[in-house]
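Undergrad: Below: one structure in structure tokens.
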Amino acid sequence: MEQQTQFSGAEPRELYLPEMATITEVRRLTDLETLYTVELPGGRELGHKPGQFVEVSLYGIGEAPFSISSSPTRRGSFELGVRRVGQLTEVLAGYVPGRKIGIRGPFGNGIDVSKFTGKDVLIIAGGIGLVPMRSMINYVLDRRDEFGRLIICYGSRSDSELLFPDELAAWEKDPRVEYHVTVDRGTEGWTGRTGVITTLLPGLALDLPNTVACICGPPVMYRFVVMALRGRGLPDQNVYMSLERRMKCGVGKCGHCQINHTYVCQDGPVYNLPDIAKLREAL
Amino acid sequence: MAQYFLEQARVTDFIAHLLAHHTVYAPHHRGGRSFAFEKTSDPEAVVLDYPRVLNAVKKFFLPPREVLLHFDLTRDTAAVPKVEPIDAVFLGVHSYDLAAVRRLDFNFSTGNPERNYLVRRKGARFIGVSYVPDKHHFAGSVGIDPYDMTGCDMFLTKHADGWIVDILTGEGSELAAGFKLEAHDEPKPRRAHFTQHVFVPQARLGQVMEASYDHPVWNETAETCLSCGTCNLVCPTCYCFNVEESVGIDCTNGHRERSWDGCMLRGFTEVAGGEVFREKVAARQRHRVYRKFKYISDVTGQPWCVGCGRCTASCTAKISIVEIVNRLIRDSERDESILT
């Protein structure tokens, strides 16, 4: 490292200036969550991978990271699923089609799809974790021949909080999808399964060495899902997970998303379990 | 490289010579035991013989507050401010602070190179000075002695009634051009006496840290730590920042600003919804110390702590990074001797 840094040469590209994009569609998902369709100038592709994120700017309000919910196979625009939990998302909730938002990214490693190719894909999504996982689910559905089975396990606090209800209904009917859902507490009229997400896992018929799992959900969920998958005998190297952290800059500088030696915005947010199993601040 | 001698009585003349041609930043006395790097106008006000400045020269290249974007809210547009190179001479920099600048250079030039830092940094020229270690310096333990001239264009080593001057680069020659200096060929002092030491070879520090994740020292330190973040703010190699928005009173314009942040502050890892990933003070202390002696060092092979002693000297709770690290070393050696 002792070599001297060279300060001559081309100026580096601008890291912190967002590009203005247009919201073209707003879909209310639940009381709290909204899906925004966003178009870059000239309909340019975002060029993302499933599992990547962007930084969204509302000038005067702030900037925050959001995972991309659409698959790169759906072209022309991209989608962000946003839960109303803070200042920026509260303001964003009032946005209508035609409004502009600033976009930086895509950032992060995203899902290495090649690790899933030819394999049975097991998606485990808890609550709002379905938003990023949806990019992978639709990727697999759009390139269905390249993958084995598609097994989706989705857990939510309540059936009133289930996201993308029309897509869930479509997955339920689609013979190419094995869809399982559970809610912690069902409202009156809920006829589906009740219980935490890990209760879905023991009953699954899995072709073990041929199954690769991807997990996303609230921080508390990972430990229990990992234990349940290990209990089923799924090798750790077949498990990927997307981690949430406070990715302020997105470019590996600000330090907020660091877990031990790894910057989630650079090396993550998607990690292979053996790479983080020993990072005790990770899960 | 050429060597000369500058008598103490002519130091102000030399500074006046620099000031005639350049902008000069140098240490000034700020009252009490406090010194600060400031823009020089009066050569008499510069103090070359000082223990340490409160904030390292880092503050010029990564300012405590910095506008990243100006925006116009009436049009929803934003622009980046023009960043200019700091075309200046930094006179009187200690070797550990230059070592810190090299570490920041590494951080801001690798991965995604950052224009703001690199442009500012480009115009800087450095005249280093030797120092006498006080009760907090331990730079010798991380391989940076007070006479280390790495990264300097010129270096002044305290000797007898003046300074031995090493001219190290073409830039250094230009700085001295037109100022009469006597040639000097006496051997220079080479060894400095530090009272603070980290008692382990650098190569083994990573291993020691690896074995110390659950050491009781983190919880014990947390009992006195106020979690105020002072250690982060005074550290010359800390570069983490927060980003905040500021809007003008008429709501038509505003700016996005970054400011120094600290991993010791509770909110540092907080995400929307309120989850804090390093909730315990102990976890934050470990993160801070590991940032200096493990995480980045494992990658670069160098400790990210430069031994300036600022975090210890500034700590309200008198927490000493040297004591923490030495205790980890001692206990890891004891554990090994039990095991083997």
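Undergrad: State the percent of C-alpha pairs, over all pairs in chain B, separated by a distance greater than 34 angstrom.
TA: Percentage above 34 Å: 32.
Undergrad: Okay, moving on. Run the numbers on chain B and let me know its relative contact order in percent, using alpha-carbon pairs under 8 Å that are six or more apart.
TA: With pairs under 8 Å counted, the relative contact order is 21 percent.
Undergrad: Also: Could you pull the Rg and Dmax for region A:71-165, using just the Cα atoms, both in Å?
TA: Here Rg and the maximum Cα pair distance are 15.4, 43 Å.
Undergrad: Full-extension gain between A:Leu208 and A:Met227, please, as 0.36 nm times their residue separation minus the C-alpha to C-alpha distance.
TA: Between A:Leu208 and A:Met227, full extension yields 5.3 nm more.
Undergrad: Any idea what Rg and Dmax come out to for region A:121-209 if you just take the C-alpha atoms, in Å?
TA: My reading of the Cα-based Rg and Dmax gives 12.8, 40 Å.
Undergrad: For region A:224-266, what number results from the quotient of the Cα radius of gyration and 2.2 N^0.38 Å?
TA: 1.51
Undergrad: Shifting gears a bit: Loop only by DSSP, 14 or fewer other Cβ within 10 Å of the Cβ. Give me the chymotrypsin sites (Phe, Trp or Tyr not before Pro) in region B:25-59 that pass, ordered by residue number.
TA: Filter output for region B:25-59: empty list.
Undergrad: Let me ask something else about it. Largest first and to the nearest Å, give the Cα extent of region A:19-107 along each principal axis.
TA: Result, largest extent first: 29, 26, 23 Å.
Undergrad: Something else now. Given a Förster distance of 30 Å, report the FRET efficiency between A:Asp142 and A:Ala93 from their Cβ-Cβ distance, rounded to the nearest 0.05.
TA: Rounded to the nearest 0.05, the efficiency is 0.55.
Undergrad: Related question: How far apart, in nm, are two points set 7 Å out from the Cα along the Cα-to-Cβ line at A:Met20 and at B:Leu181?
TA: Placing both labels 7 Å along Cα→Cβ, they lie 5.4 nm apart.
Undergrad: Between A:Leu15 and residues 5 or more places away or on another chain, which pairs have amide H atoms under 5 Å apart, with H built 1.01 Å from N, and which residues are they?
TA: B:Arg115
Undergrad: Could you pull the Cα extents of region B:177-320 along its three principal axes, largest to smallest, in whole Å?
TA: Each principal axis gives a Cα extent; for region B:177-320 these are 65, 51, 31 Å.
Undergrad: Let me ask something else about it. Could you check which residue among B:Gln207, B:Gln196, B:Gln285 shows the biggest mean-square fluctuation in a GNM of chain B with a 10 Å Cα cutoff?
TA: Result for chain B, Cα springs under 10 Å: B:Gln207 fluctuates most.
Undergrad: Another question, if that's okay. Can you compute the helix-only [θ] at 222 nm over chain B? Use -39500 (n - 2.57) per DSSP H run of at least 4 residues, normalise by all residues, nearest 500 deg cm²/dmol.
TA: That comes out to -8500 deg cm²/dmol.
Undergrad: A further question on this structure: Rounded to a whole number, what is D in µm²/s for region A:141-255 from Stokes-Einstein with the Kirkwood radius over alpha-carbon pairs (37 °C, 0.692 mPa s)?
TA: Rounded to a whole number, D works out at 205 µm²/s.
Undergrad: How large are Rg and Dmax for the protein assembly as shown when only the alpha carbon atoms are used, in Å?
TA: Answer for the protein assembly as shown, Rg first and Dmax second: 28.1, 95 Å.
Undergrad: What ranking of A:Ser70, B:Ser259 emerges when the number of other C-beta atoms within 10 Å of each C-beta is taken as an exposure proxy, fewest first?
TA: B:Ser259, A:Ser70
Undergrad: Would you compute the Debye intensity of chain A from its alpha-carbon atoms alone, equal scatterers and no solvent, and pass along log10 I(q)/I(0) at q = 0.09 Å⁻¹ to two decimals?
TA: Debye output, listed in q order: -0.43.
Undergrad: Let me ask another. If each of B:Ser314 and A:Arg280 carries a label point 7 Å out from its Cα toward its Cβ, how far apart are those two points in nm?
TA: 2.9 nm
Undergrad: Setting aside same-chain residues fewer than 8 positions from B:Lys58, which lysines have a Cα under 28 Å from its Cα?
TA: Straight-distance partners of B:Lys58: A:Lys248, A:Lys253, B:Lys39, B:Lys82, B:Lys122, B:Lys135, B:Lys158, B:Lys292, B:Lys294, B:Lys318.
Undergrad: Ok, one more. Relative to the Cα centre, what is the charge dipole magnitude of the protein assembly as shown, using +1 at the beta carbon of each Lys and Arg, -1 at the beta carbon of each Asp and Glu, and rounding to the nearest 20 debye?
TA: Roughly 640 debye for the protein assembly as shown.
Undergrad: DSSP loop (so not H, G, I, E, B), at most 13 other Cβ within 10 Å: list which GluC sites (Glu not before Pro) in region A:15-115 pass both filters.
TA: Passing both the DSSP loop test and the Cβ count: A:Glu45.
Undergrad: Could you calculate the contour length gain from B:Ala88 to B:Cys228, that is, 0.36 nm times the residue separation minus the distance between their Cα atoms, to one decimal place in nm?
TA: This chain segment gains 47.1 nm when fully extended.
Undergrad: Quick one: plug the Kirkwood hydrodynamic radius of region A:57-104 (C-alpha pairs) into Stokes-Einstein at 20 °C, 1.002 mPa s, and report D in µm²/s.
TA: Approximately 181 µm²/s, per Stokes-Einstein.
Undergrad: Right, something else. Loop-only GluC sites (Glu not before Pro) in region B:154-199, please: DSSP not H, G, I, E or B, and at most 11 other Cβ atoms within 10 Å.
TA: Filter output for region B:154-199: empty list.
Undergrad: Going by C-beta contacts inside 10 Å, put A:Met227, A:Met20 in order with the fewest on the left.
TA: A:Met227, A:Met20
Bear in mind these aren't lab numbers, they're just calculated from the coordinates by the rules spelled out. This one's a predicted model, so the numbers in the text were calculated from it and none came from an experiment. Every residue, glycine as well, gets a Cβ built from its backbone with ideal geometry; the counts of neighbours run over all protein chains shown.
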